[in-house]
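The values are calculated or read from the model by the stated rules, or taken from the named source; none is laboratory data. Worth saying up front: this structure is predicted, and the values here are computed from it rather than measured. Positions of Cβ are generated from backbone atoms using ideal geometry, with glycine treated the same way; all protein chains shown enter the neighbour counts. Accessible surface areas use protein heavy atoms only, side chains included; no ligands, DNA or RNA. Shrake-Rupley method; radii C 1.70, N 1.55, O 1.52, S 1.80 Å.
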Amino acid sequence: MLTTFVTGITLARTDFGLPWQARRETTYGGEFDLREHMTTLLERQTQLKQLDGLLAEAAGGRGRVVALAGEAGAGKTALVEAFVGRVGQGARILRSACEDLSVPDPLGPLYDLARDAQWALPQAIDQRQGQKLPLFSDALEIFEAKAGPSLLVIEDLHWADDATLDFVRFLGRRIVNTHILLLLTARTDRSEGQMRVRRALGEIPASSAVRIEVPLLSEAAVLSLAEMAGRDGDAIYRATAGNAFYVTELLSAENGTLPPASVRDAVLARAERLSAGARSMLDAVSVFPRRADGWALQGLCGVASAGQLAECVSNGLLDDLGDGYAFRHEIARRAIEMTLTNSQRRQFNQRALTALLEKGDVSTGRLVHHAVEAHNLQMVRELAPVAAREASRVGAHRDAAGYYEAALRQVDSLPEEERAALYEKYAFECHLIGRIDAAIEAQDHARRLHQAEGNKTSEGDCLRWLSRFAYLLGDRKAADMFGEQAVTLLENVPPGPELAMAYSNLAQLAMLAERLDDTLLLGDKAVALAERLDQPDIVCHALNNVGSAEQWLDLATGRQHLARSLEVALEQNFQEHAARAFTNSACVEMNQLDFAQARSFLERGINYCIENDLVTWRDYMRGVLAQLLLRQGEWEQAASEALDVIANDQATMLVRYPALVALAKLRMRRGDPAAEPLFAEMARFLERGEELQRLSPYAALMAERAWLGQGDKDEALALIDLAESLSPTRAVFGELACWRQLLTADSGPGDTAGMAAPHRLLLAGDWRAAAALWADMNALFEQGLALVRGDEAALRLALSIFEEFEARPVAFKVREIMRQSGVGHIARGPRQTTRANQAGLTLRQMEVLQLIERGFSNKRIAEHLTISPKTVDHHVSAVLGKLDAVSRGEATAAARDSGLL
């Protein structure tokens, strides 16, 4: 049925959709070769046809990102090989892969692609001064074929560095109008690497990304292959569950009656057939992730290496790549590597390191990997900081932190000054990726080293950084303490950039506490000193603080200063300053109720942070965006944005806070009891420091909760009073003044000067004009809250608005007001709260579906949503039923196809 065997020739028929050419085999026989092909390509015709179609669309100018997803050994690489083989000369093909290094090699796959395209990437990085956006723009231009489509392949993306993921995101967001098909492979496990891949692909427009599952082989396929090989198909399927690589290994095992118990056993059994020299060569190759270059192996093993490698190839353990060798699968490589003793592993890695160093043009990341594995402490101390600087330069901050960690494990013999510098650089990288606890620990270690050396300038600068990190962690008291200590210490040494930045740090803390006069005073001191010292980064930072404070004093001037701060940051590539300028500019516009401008700043800022790996600022802005989306009536999208931030276990409380505000408000309005733990988390955060910008939204939430009859009115009014006492001007207090008036009808409006127009009108009793303004802003829920104060017609309109939002507790409150006002014939409202999406999923079921898509187990979903596992089981069953799916994978695939995810 499947094959015809002729001595020395393997002929394959096309029953399974792929015509393979007959090819002559040397040793180890054509039967193994055919079984390998058949195993890995069986039942893959659908995927190949889909890839053909996508490449044809790319040829027509409709580029895409395609992710082949499957478990290790499912046959992703074999599918890529088959597709590349059938493409032939029909496209420009550039190939690359990520490696399982101890710390990923920054932009490793891009170097591979550049090499195939004959593009000098190192020089390009130098020309662009490490700035990713211009560099990636150059790459896009280089990879766009002059004629016909370009097929770019990046395999094993789950091992990618952050800069490579940034490149994938960059290309994915611009690929639609190109002739490029970007083909990725990634595992479907729940590793950290896979979750990062999932997040990266999730930030590519859905219309530009296609996910193709590479499933396990069916039982029928395994039985057919086993019958062809004269093996027990039932036993093989039970052992492998259809894993293509494992099936291949068992079909090739010598003992056909007793199959190996695991794929590792199958690989080792095949390795035992080798001669002693070939087995030693196999061990040497196993310490090279992905592939070993021929010249490196000759340096390791001498002239005998050629024969030994040929033996490994003929026994089906290695593939001959022409200029190098690689295991047929990472599973096999790991199986062999795990048999090495510690001394063998160190010895082989040291020999590999020596060979690579002699070559001279090997990436620093690969050198560090082998130095670490060889326990060559001297080389780790020498190379790891270099690799860290290279990674940081291209925005791979997570990987830079990893290299600094490797270096810091070997620092005891370094002078104190060098050790302190390493700790400071490590702290900086950690804070950029949201690991604030680690940043504080490292920075304090550096501070103590500087203190021991009597270096007051560096000690003061460390204190200033500790102030910043403490604030990011949500510890306002510690932030103020460290900030004051920094200025006190630095004012007693000759003034330098450190003092200018310490002034600006205190100005920032004052601005965040709404101490406007202090902000302007300290900000002016920082700008004056920084300009005298020609420090544009500090000028940029200080202008940001001053502009944010001036929004309440002179809005036009404040906007000018913020715009200048953002301009300088972007021109000079001050990435964190740029992210902060985007954030504060957006918050100013939110305060002024200019939602269009706020959205523009947020979208630009989030994209900037995504492309520059600024996780902390990205997530903070996504929380603010969730609040804006809630205001604009896009509740489902608001919930999605907020959940993504809150689901990030690495996010600090400060970063989570805006998302908590949005999600808590949404859940409260829909009567979802899962709002309660969010309220509790916000209250705990406020215990560490009562800043007005955090207190105000919490007080507004508690006021709305009390109005709905779900909370304590006196507590809400006390919070409003506290916020009023902290407000630098009445302009800040508009929303809370409106809530106070709603909770206590006899409350006077007070001074409304400077407040936003809808608040000012509402406090003056002109609910109709206020509602009209909210409607013009597309803030329909706020329109409804204004209408609640109106006549019967207004109340009926408000009720319809709240029912449209499925805000059941709010609608219930409006009906109560209508009854108390003597309004008759009040609509009962919808009996069913199911969302009006095509699948009929409720909001809670949508949240469960999103978490299923992120790989959460039922237990973890229960913990995340603070509901019982039994309730989660019910929701999961409902989701599967409504999507007509029999598994989680089918459910998420169906949701993606229908646009729900």
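Checking Arg409, Arg398 one by one, the residue that is surrounded by fewer than 18 Cβ atoms within 10 Å (Cβ to Cβ), touching a residue at least 12 places away in the same chain (Cβ under 8 Å) and within 29 Å of the chain's Cα centre (by Cα) is Arg409 and no other. Note on the range 330-390: enclosed helices (runs of 4 or more DSSP H) holding 3 or more residues that are open to solvent by 60 Å² or more (accessible area, probe 1.4 Å) and at pLDDT 90 or above are 342-359.
Only helices (runs of 4 or more DSSP H) whose full extent lies in the range 787-901 are considered here, and the ones with at least 2 residues that are at pLDDT below 90, under 23 Å from Ala674 (Cβ atoms) and over 28 Å from the mean Cα position of the chain (by Cα) are 869-882. Residue pairs whose Cβ atoms lie under 7 Å apart, separated by 6 or more positions or on different chains, with the first residue in the range 169-194 and closer than 19 Å to Ile331 by Cβ and the second part of a loop (DSSP other than H, G, I, E, B), are Thr185/Asp156; Arg187/Glu71; Arg187/Ala72; Thr188/Glu71; Asp189/Glu71; Arg190/Gly855; Gln194/Thr188.
Answer yes or no as to whether Arg211 is assigned to a helix (DSSP H, G or I), touching a residue at least 24 places away in the same chain (Cβ under 8 Å) and within 21 Å of Gln850 (Cβ to Cβ). For Arg211, the condition - assigned to a helix (DSSP H, G or I), touching a residue at least 24 places away in the same chain (Cβ under 8 Å) and within 21 Å of Gln850 (Cβ to Cβ) - is not met. Summed over the range 139-163, residues that are closer than 22 Å to Arg199 by Cα, in contact with a strand residue (DSSP E or B) (Cβ under 9 Å, 6 or more places away or on another chain) and open to solvent by less than 10 Å² (accessible area, probe 1.4 Å) total 5. Checked against (1) modelled with pLDDT of 95 or more; (2) open to solvent by 30 Å² or more (accessible area, probe 1.4 Å); (3) closer than 22 Å to Arg580 by Cβ, Arg435 passes all but condition (1). Evaluating Phe805 against the criteria (1) in contact (Cβ under 8 Å) with a residue 24 or more places away in the chain; (2) open to solvent by 30 Å² or more (accessible area, probe 1.4 Å) leaves one unmet condition, (2).
Hey, does the range 528-540 have a residue that's in a helix (DSSP H, G or I), polar (S, T, N, Q) and modelled with pLDDT of 95 or more? Within the range 528-540 (the criterion being in a helix (DSSP H, G or I), polar (S, T, N, Q) and modelled with pLDDT of 95 or more), the answer is no, since none of the residues qualifies.
As for the range 489-500, it holds no residue that is of a type outside the set (Phe, Trp, Tyr), surrounded by 22 or more Cβ atoms within 10 Å (Cβ to Cβ) and under 22 Å from Glu603 (Cβ atoms).
For the range 743-798, the tally of residues that are in contact with a Gly (Cβ under 8 Å, 6 or more places away or on another chain), open to solvent by 20 Å² or more (accessible area, probe 1.4 Å), touching a residue at least 60 places away in the same chain (Cβ under 8 Å) and not polar (S, T, N, Q) stands at 2. Which one is nearest to Thr652 (Cα to Cα) among residues in the range 464-493 that are in contact (Cβ under 8 Å) with a residue 24 or more places away in the chain and part of a loop (DSSP other than H, G, I, E, B)? Restricting to residues being in contact (Cβ under 8 Å) with a residue 24 or more places away in the chain and part of a loop (DSSP other than H, G, I, E, B), the top hit is Leu473. For the range 654-676, the criterion of being of a type in the set (A, V, I, L, M) and closer than 23 Å to Ala569 by Cβ is met by at least one residue.
If only residues of the range 116-130 that are assigned to a loop (DSSP other than H, G, I, E, B) and closer than 25 Å to Gly63 by Cα are counted, the one that is most open to solvent (accessible area, probe 1.4 Å) is Gln118. Ala528 meets all of the listed conditions (1) buried (at least 22 other Cβ atoms within 10 Å of the Cβ); (2) farther than 23 Å from Arg622 by Cα but one, namely (1). Just wondering, is there one or more residues in the range 610-622 that are more than 23 Å from Met511 (Cα to Cα) and either modelled with pLDDT of 95 or more or outside any helix (DSSP H, G or I) (or both)? Among the residues of the range 610-622, at least one is more than 23 Å from Met511 (Cα to Cα) and either modelled with pLDDT of 95 or more or outside any helix (DSSP H, G or I) (or both), which makes the answer yes. Among helices (runs of 4 or more DSSP H) entirely within the range 645-729, having at least 1 residues that are open to solvent by less than 40 Å² (accessible area, probe 1.4 Å), in contact with a Pro (Cβ under 7 Å, 6 or more places away or on another chain) and closer than 21 Å to Leu628 by Cα singles out 653-669. A search for C-beta distances below 8 Å between a residue of the range 224-251 that is in contact (Cβ under 8 Å) with a residue 40 or more places away in the chain and open to solvent by 40 Å² or more (accessible area, probe 1.4 Å) and any residue that is assigned to a helix (DSSP H, G or I) and hydrophobic (A, V, I, L, M, F, W, C), counting only pairs 6+ apart in sequence or on different chains, returns Met228/Met38. Report yes if some residue within the range 299-319 is in contact (Cβ under 8 Å) with a residue 40 or more places away in the chain, open to solvent by less than 40 Å² (accessible area, probe 1.4 Å), in contact with an Asp or Glu (Cβ under 9 Å, 6 or more places away or on another chain) and closer than 21 Å to His158 by Cβ; otherwise report no. The answer is no, given that none of the residues of the range 299-319 is in contact (Cβ under 8 Å) with a residue 40 or more places away in the chain, open to solvent by less than 40 Å² (accessible area, probe 1.4 Å), in contact with an Asp or Glu (Cβ under 9 Å, 6 or more places away or on another chain) and closer than 21 Å to His158 by Cβ.
Whenever a residue of the range 267-294 is free of Cβ contacts under 8 Å to residues at least 24 places away in the same chain, its partners that are open to solvent by less than 30 Å² (accessible area, probe 1.4 Å), lying with C-beta atoms within less than 8 angstrom and at least six residues away or across chains, give the pairs Ala269/Ala253; Ala269/Pro260; Arg279/Ala271.
Taking the listed residues Leu94, Leu68, Leu113, the one that is closer than 22 Å to Leu171 by Cα and assigned to a helix (DSSP H, G or I) is Leu113, with no other qualifying.
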